[in-house]
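What follows is one structure encoded as structure tokens, with my remarks underneath.
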Amino acid sequence: MATILITGSNGLIGSEMVRHFHDLGWKVHGVDNNMRADFFGTQGDTRWNQQRLLEQCPRFQHEELDIRDRPAVSAVVRRLRPDAVIHAAAQPSHDLAARRPFDDFDVNASGTLNLLEAMRQGCPEAPLVHLSTNKVYGDRPNRIALRELETRWDFDDPAYAEGITEDFPIDQSKHSLFGASKVAGDIMVQEYGRYFDMPTCCLRGGCLTGPAHSGVELHGFLSYLVKVNVTGGHYTVFGYKAKQVRDNIHAFDVARFAELFINGPRTAEVYNIGGGRANACSILEAFARVEALTGRPMQWTYRDQPREGDHICYISNLARMKQHFPAWDITRSLDDIFQEIVEAWTRRLDTARPVA
């Protein structure tokens, strides 16, 4: 039976990967230490997801491990010698990175290097799927000519009609410290692929989302937005007239791509992975969608101060992924994504309410 090692297994992408490969018949080992709770407090806690995986996936084994612990990472890779690795562990917030720069870099850059070197020593033939981010492009996408529409910004340059491609520059831009640490990890994954001829790919994600997300204000756009609406909370919009655009991809479609890459690995590849134009929406449009589903008006205020390094409009061009892996495409529409997240938050909140 093939074995896969998945870091960040309690999180949105990691847990989706666990379920997906478990359903395919793999033996799955998940690495996590719930550091999201340390980063974001009790609202970011992911133990609920870990417990659910242990209950529902009999071939899943949890490894309580900090990705920053180099000897421990090396030991688990030597012990398991996995047939494939998915690296989804990360510190994901712009704002938190500025407050805790060493933690951010140690997780995103050094943690990735720890895993790469452990794999080089223990299982260099195993395909590695690394969850990078579109923030490696910094704020350069904001230099693309834009046009302002009633509810969103959009590209006003025909070269970007289908979104941003993998050859888009990453230099001479403001990344945020989070973006910079993810650049370091991204480049190291590519370099281990090229220099040591290891089968690796970086997935530069747009808005990765789904019902298993523990969304918080600092990370998890759609999940947090839906949670605020369902709970009757208050949402703060930061800049760009609430018309900033993200392309949203369900975690399941990310897992499907990881499966295809592992089955047909390539060396040192980079892919922009997101929902593409069909799954793109602005904050204003997201408000309207969630209100239509829940019947609750969105309570929000506006601060005319964008987050550092934030994108005004970002849409992933998916052509390279589809060219290399023609069996892959988006299967979950934007309507599907909203419906699933609303239902998931409603269930979680109902479960948390005390019985009268």
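Side notes on the structure shown:
- A cut-off of 5 Å between modelled amide H atoms, ignoring neighbours fewer than 5 places along the same chain, links Ser214 with Leu12.
- Considering only beta bridges that DSSP places wholly inside region 3-352, some 15 percent are antiparallel.
- Fully extended contour minus Cα-Cα distance, from Leu113 to Asp350, at 0.36 nm per residue: 81.2 nm
- Amide H partners (placed H, <5 Å) of Gln61, local residues excluded: Val28, His29, Gly30
- Residues Ile273, Ile330, arranged from fewest to most other Cβ atoms within 10 angstrom of their Cβ, appear as Ile330, Ile273.
- Ala327 paired with Arg303, simple spin-label distance in nm, labels 7 Å along Cα-to-beta-carbon: 4.6
- Adding -39500 (n - 2.57) for every DSSP H run of four residues or longer, then dividing by how many residues the chain holds, sets the calculated 222 nm ellipticity at -12500 deg cm²/dmol.
- Taking other C-beta atoms within 10 Å as the exposure proxy, Ile315, Ile262 rank Ile262, Ile315 from fewest upward.
- Count of Lys pairs (Cα-Cα under 19 Å; at least 8 positions apart or interchain) in the chain: 4
- Hydrodynamic analysis of region 3-352 uses the Kirkwood radius over alpha carbon pairs. Inserted into Stokes-Einstein at 10 °C and 1.306 mPa s, it gives a translational diffusion coefficient of 79 µm²/s.
- Each peptide in 95-101, 127-133, 185-191, 56-62 gets a packing score, the mean of other Cβ atoms within 10 Å over its residues, and the list from highest to lowest is 127-133, 185-191, 95-101, 56-62.
- Available extension along the chain between Arg70 and Glu125 is 17.8 nm, counting 0.36 nm per residue and deducting the alpha carbon span.
- Sparsely packed loop sites in region 121-157 (the trypsin sites (Lys or Arg not before Pro) outside DSSP H, G, I, E and B with at most 15 other Cβ atoms within 10 Å) do not occur.
- Calculated from backbone phi, Karplus (6.51, -1.76, 1.60) coupling profile of region 125-133 in Hz, x at Gly/Pro: 8, 6, x, 10, 9, 9, 7, 8, 7
- Separation of the Ala161 and Gln339 label points, Cα + 7 Å toward Cβ, nm: 3.1
- Take the Cα of Asn34, step 7 Å toward its Cβ, do the same at Ile170, and the gap between the two points is 3.3 nm.
- Amide hydrogen proximity for Lys174: with H placed 1.01 Å from N in the peptide plane, the residues at 5 or more positions away or on another chain lying under 5 Å are Asp139, Arg140.
Since every read-out is calculated from the coordinates, none of them should be taken as a lab result. Because the structure is a prediction, the values reported are computed rather than measured. Reconstructed Cβ throughout: ideal geometry from the backbone, glycine too, with neighbour counts over all protein chains shown.
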